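Participant: My questions will all concern the structure given below.
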Amino acid sequence: MDSKMVTGARKAPAFLMETGMLLDRLRDLLGADHVLTGADMAGYGDEFTGHYHWAPLAVLRPATTEEVSGILRLASESRTPVVPVSGGTGLNGGHEAQGRLMISLARMNRIRDFNPAARTISVEAGVILQTIHENVAREGLMFPLSFGAKGSAMVGGFLSTNAGGSNVVRYGNARALCLGLEVVMADGAVMNLMTALHKDNTGYDLRDLMIGAEGTLGVITAAVLHLVPEPAARATALLALPGFPQALSLLNRLQTGTGGAIEAYEYLPDLFFDRMARYKPDWTCPITPAPVNILLEIATTVPGDNPQSRLEDLLEAPLEAGDILDAVVASSEAQRGYLWTMRESAAEVSLNEDPLVDTDVSLPLDLIEPWLNRMNAEVSRLDPQARMMAIGHLGDGNLHYTVYPSEKAFVAPIRDAISREAVIMGGSFSAEHGVGLSKLGSMAKYKDPVALRTMRAIKAALDPLGILNPGKTVPEA
């Protein structure tokens, strides 16, 4: 779908209930103040990238699981499509809602239970990620999922997209951090999987099925999340390296030397710092950037352990060998925060041009450099004036490959080429941002056909009327 496209041209749903009557029944259910229409829907009609704009039929703001259930019963009765939204921080058009009912989970923001002894927290879908961080930190615990939008992203959204972030290399994606779910199904039935069990071998794993489904199989209303001990100390460094071979060698050296204590290993090219200087002129990079720059962090939960001294010792040999060209190790929490502020500005610094191709691929670690070389050559062939930049979570092989084409006409062929080349080299065209609308074409062309057929069968079984976030994630046959 083209950049800036208004999606109102898509086929309108065939409602079985007059709109005014439906909205009146929804007002009776939720209260008039929580059924937004017209100008009151401002802020619900676009996404961060600016690629998609829409006008919902109405925005519904339930406060309880029972109210979500009631909404879906009415939606099912009237054959009215519904689109759930949490913090609205998605990047792939996954919460586009032209002519649909939009269910905002923002009022479902209660922490139902916090159990430090079991290291779990039960939260509703509208709880903001940063709120979880702040609450569990008081008990010396951490919910390790973290990314730049943590001040806005909500539980329902980061689970529905199986979000990743900077700490995946040690703790895994959102799916690995979720023990239980509460989900409202298409007919309004509530599926209660809210257990805190680490093992539950009782048939199909319906929890994992709902995570990453982008609201196409049910609406997540609550979750039980797994917590870990807050590190007693961290060591954070920004390094300039000659290239990817040195970066991967250093990653392996550090994983071995720290006993797997790497929490983040982030790749930033020199072009990122050029753009940062342009868009954030008050910021200064504390090293001389090289072709490959790495922001890394290791952590320990052992009181009295000194990860900074250990890190400096591990960096000494590659520095002497010229495998590291420049380095700075944060000596205070303020310096650590500054390094992370630079990294977490990546979306702001890179997704601010039009036309734009923003993608999210995953590759085997040893094939990242060959893929980038191959991809840069292919983009240059398609559009000789295009500019390219890749930023990524190098520790887990996730690259955010951004292209600035010279014309909008190049957006679609470049996007397709990125997906194709990722799959050819054993990777994925979506690592942590989901599929939404922007990657439907890639799903149809590059997803294993048997897997795609199975997904369609699951969708048809759980949402036979096709009312849950239609037209997203799973392309029609």
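The values are calculated or read from the model by the stated rules, or taken from the named source; none is laboratory data. These numbers come from a predicted model, not from an experiment. Here the Cβ is made from the backbone with ideal geometry for all residues, glycine too, and neighbour counts use every protein chain on show. For accessibility, only protein heavy atoms count, side chains too; no ligands or nucleic acids. Shrake-Rupley method; radii C 1.70, N 1.55, O 1.52, S 1.80 Å.
Conditions (1) part of a loop (DSSP other than H, G, I, E, B); (2) at pLDDT below 95; (3) farther than 26 Å from residue 351 by Cα; (4) of a type outside the set (A, V, I, L, M, F, W, C), marked per residue:
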{"residue": "3", "(1), (2), (3), (4)": "yes, yes, no, yes"}
{"residue": "17", "(1), (2), (3), (4)": "yes, yes, yes, no"}
{"residue": "27", "(1), (2), (3), (4)": "no, no, yes, yes"}
{"residue": "33", "(1), (2), (3), (4)": "no, no, yes, yes"}
{"residue": "40", "(1), (2), (3), (4)": "no, no, yes, yes"}
{"residue": "44", "(1), (2), (3), (4)": "yes, no, no, yes"}
{"residue": "50", "(1), (2), (3), (4)": "yes, yes, no, yes"}
{"residue": "73", "(1), (2), (3), (4)": "no, no, yes, yes"}
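Participant: Out of region 121-156, which residues are within 25 Å of residue 300 (Cα to Cα) and among the polar types (S, T, N, Q)?
Facilitator: 130, 131, 135, 146
Participant: Find the strands (runs of 3 or more DSSP E) located wholly in region 96-193 whose residues include 3 or more that are surrounded by 21 or more Cβ atoms within 10 Å (Cβ to Cβ) and touching a residue at least 40 places away in the same chain (Cβ under 8 Å), and list them.
Facilitator: Answer list for region 96-193: 101-104, 120-124, 178-184.
Participant: Name the residue, out of 91, 72, 101, that is of a type outside the set (Ser, Thr, Tyr) and touching a Leu at 6+ places or on another chain (Cβ under 7 Å).
Facilitator: Only one candidate passes the filter, namely 101.
Participant: Now for a different question. Contact list please: Cβ distance under 6 Å, first residue in region 4-33 and under 30 Å from residue 352 (Cα atoms) and of a type in the set (Val, Ile, Thr), second residue at pLDDT 55 or above and open to solvent by less than 60 Å² (accessible area, probe 1.4 Å), pairs at least six apart or on different chains.
Facilitator: Partner pairs satisfying both residue conditions: 6/53; 7/54; 7/96; 7/98.
Participant: Let me ask something else. How many residues are part of a helix (DSSP H, G or I) and surrounded by 12 or more Cβ atoms within 10 Å (Cβ to Cβ) when one looks only at region 438-452?
Facilitator: 8
Participant: Answer yes if at least one residue in region 133-153 is among the hydrophobic types (A, V, I, L, M, F, W, C) and modelled with pLDDT under 95, and no otherwise.
Facilitator: For region 133-153, residues among the hydrophobic types (A, V, I, L, M, F, W, C) and modelled with pLDDT under 95: present.
Participant: Next question. Out of the residues in region 338-350 that are hydroxyl-bearing (Ser, Thr, Tyr) and open to solvent by less than 70 Å² (accessible area, probe 1.4 Å), which is modelled with the highest pLDDT?
Facilitator: 341
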